[in-house]
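A.B. asks: Structure provided below as structure tokens; questions to follow.
Derivation of every value follows stated rules applied to the coordinates shown; laboratory data play no part. Source: prediction; values computed, not measured. So basically every Cβ, Gly included, is an ideal-geometry build from the backbone, and we count neighbours across all protein chains shown.
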Amino acid sequence: MKYFFKFLLILSIFLLVNCSGKKEKEVDIKGLDLESEMIEAYNTGLQALNDGDVLFAAKNFNAVENLYPQSIWASRSVLMAAYSFYSQDYYGDAISELKRFLRNYPANDNISYAYFLLATCYYELIVDEKKDLSPLLNSKKYFNIILKDYPDTDFALDAKFKLDLIENVLASKEIYIGKYYVSRKKWVPAINRFKNVINNYEKTEYVEEAIHRLVEINYMIGLESEAKKYAALLGYNYQSSEWYKESYRVFNKDYEDPKDKIKKNKQNVIIRNFKKLFK
């Protein structure tokens with residue numbers, strides 16, 4: 001998160017008081033005026049974050065917000081608390097802090113960072129998309145906000161990269177479900193899944209396979225003209241694809257790739273010459 005450390009450095013410049021070096025595990029801010037209490041809590045939070053004590057860090061950052069809820073320190077402290085949780089994989093807690101930030105400070109200058117960190121938290125929660133799609137879909141939602149509303153920020157490039165990965169995962173899930181329906185001879189839902197890949201995930205690596213599966217299904221159920229339509233689409237756009245060769249074999253069972261023929265002939269020559277050695 002190189003962008004955050006730049007952000008953290010900027011925040012530190014605003015501090016007027018150095019860290020006191022206190023090691024207590026409670027937020028002890030009594031006996032000071034309100035602004036001094038706030039700075040003390042913030043500095044203690046920074047020190048705890050540097051020490052890896054993210055729970056104590058977040059506790060102090062939350063104290064800053066409580067002391068000065070209308071100040072610029074309050075919004076910064078919420079982000080710092082969120083990052084504290086994120087840095088040690090407490091993604092659920094980080095998400096709660098970030099959603100509170102978006103709800104309470106919608107016009108803040110760091111709103112793009114908040115959306116990016118929120119999307120990243122959901123992205124890190126993706127474990128098995130076949131069982132639970134919600135982290136993936138939430139991640140996609142917030143990365144799309146970055147691209148739509150903040151395309152010129154430093155976060156947009158990384159958001160685009162992660163969105164491409166997410167789209168591939170979603171397309172692969174559609175292929176997986178479609179093949180399951182094929183194995184059960186449920187042709188209509190299978191066709192719908194493969195069409196969904198073509199229509200909604202056309203930039204992914206799975207679109208070629210989806211077109212081929214439509215060739216196969218339509219040919220199997222007797223819709224040869226429909227099968228040829230998809231085969232032509234595959235040939236026009238992906239003629240060098242292995243899936244196009246598979247689709248060609250649907251109509252030409254004896255078809256053999258010329259490259260495979262050459263390879264097979266070479267192997268046969270080697271075998272024949274090897275056998276001659278023992279005659």
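A.B. asks: What does a probe at Asp152 reach in region 94-128, counting residues whose amide N is under 17 Å from the point 7 Å along Cα→Cβ?
C.D. replies: Label zone hits: 109-113.
A.B. asks: Also: Exceeding 32 Å between C-alpha atoms, which entries from my cross-link table qualify? They are Lys203/Lys229; Lys140/Lys195; Lys148/Lys245; Lys140/Lys186. Could the numbers behind the result be given before it?
C.D. replies: Numbers: Lys203/Lys229 20 Å; Lys140/Lys195 21 Å; Lys148/Lys245 39 Å; Lys140/Lys186 30 Å.
Beyond 32 Å between Cα atoms: Lys148/Lys245.
A.B. asks: Test of understanding: ordering Phe251, Phe143 by Cβ neighbours within 10 Å, fewest first, what list do you get?
C.D. replies: Sorted ascending by nearby Cβ count, the order is Phe251, Phe143.
A.B. asks: For each of Arg100, Arg193, count neighbouring Cβ atoms within 10 Å of the residue's Cβ, then give the residues from fewest to most.
C.D. replies: Numbers: Arg100 15, Arg193 21.
Ascending number of Cβ neighbours within 10 Å: Arg100, Arg193.
A.B. asks: In whole Å, what is the distance between the alpha-carbon centres of region 55-74 and region 192-243?
C.D. replies: With region 55-74 and region 192-243 each reduced to a Cα centre, they are spaced 55 Å.
A.B. asks: For Met38, Met220, what's the fewest-to-most ordering of other Cβ within 10 Å of each Cβ? Provide the component values of the computation, followed by the final result.
C.D. replies: Numbers: Met38 22, Met220 13.
Neighbour counts put them in this order, fewest first: Met220, Met38.
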